[in-house]
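Remarks on the structure that follows.
The values are calculated or read from the model by the stated rules, or taken from the named source; none is laboratory data. Computed from a predicted structure; not experimentally measured. Glycine gets a Cβ as well: all are built from the backbone with ideal geometry, and neighbour counts include every protein chain shown.
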Amino acid sequence: MRRILAAVAIALCLTACASSGGRDTPDDQTLHQDILSNATGAEVTFDASVVSEPVKSGAHERFQVKATTGEVLEVDHNTSLATYVPVHIGDHLVIHGKLYIDPGPRVGVHCTHSHTSSGCPIPGWILLGQTYYE
């Protein structure tokens, strides 16, 4: 009986991982709480709508998004490590990266690329439509 239960548990886990592509799902309330608690450096995954056209700044693409919880964040996407994201105002995104809160406060997310480094140890990504930009 234990073997059957273990096999069922493994099958369910594999199915769940395959259906989500092994990626984190949006957790908008956790993003909101991380911002309120000034949790700079937190790994976040959230839904957002684009509120500004992208601007190229050196090796980065920068644009603003509005999370479903109301916060406006800057997305700082490194285009030397990831593909340019062809976003426009009104587009819906799911973003996975690292939260930063600078003085001001200026709130944003970076590390939205799959190439890791000492500053970005966890792979990130941006989902636009059915395409992952990482």
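Miscellaneous remarks
- Flag for residue 46 being under 15 Å from residue 24 (Cα atoms) and in contact with a Pro (Cβ under 8 Å, 6 or more places away or on another chain): yes
- Where residue 82 falls short, out of the listed (1) under 20 Å from residue 28 (Cβ atoms); (2) surrounded by 19 or more Cβ atoms within 10 Å (Cβ to Cβ): (1)
- The C-beta contact set for the range 79-90 (first residue under 11 Å from residue 113 (Cβ atoms), second residue modelled with pLDDT of 95 or more and among the polar types (S, T, N, Q), distance under 8 angstrom, 6+ apart or interchain) comprises 82/112.
- Within the range 40-62, being in contact (Cβ under 8 Å) with a residue 40 or more places away in the chain, surrounded by fewer than 16 Cβ atoms within 10 Å (Cβ to Cβ) and not hydroxyl-bearing (Ser, Thr, Tyr) holds for one residue alone: 41.
- Taking the criterion of being of a type outside the set (A, V, I, L, M, F, W, C) and either under 16 Å from residue 49 (Cα atoms) or modelled with pLDDT of 95 or more (or both), the residues of the range 85-112 that qualify are 86, 88, 90, 91, 92, 96, 97, 98, 100, 108, 110, 112.
- Top-ranked residue of the range 36-80 - restricted to ones that are part of a loop (DSSP other than H, G, I, E, B), over 20 Å from residue 105 (Cβ atoms) and touching a Lys or Arg at 6+ places or on another chain (Cβ under 8 Å), ranked as modelled with the highest pLDDT: 54
- Residue satisfying all of: in the range 102-123; surrounded by 16 or more Cβ atoms within 10 Å (Cβ to Cβ) and touching a residue at least 40 places away in the same chain (Cβ under 8 Å); farthest from residue 72 (Cα to Cα) among these: 109
- Filtering 99, 93 for residues that are crowded, with 19+ Cβ neighbours inside 10 Å, out of contact with any Leu (no Cβ under 6 Å at 6 or more places or on another chain) and under 21 Å from residue 23 (Cα atoms) leaves a single hit, 99.
- Selection of the range 109-134 for residues being out of contact with any Gly (no Cβ under 9 Å at 6 or more places or on another chain) and outside any loop (DSSP other than H, G, I, E, B) yields 127, 128, 131, 133.
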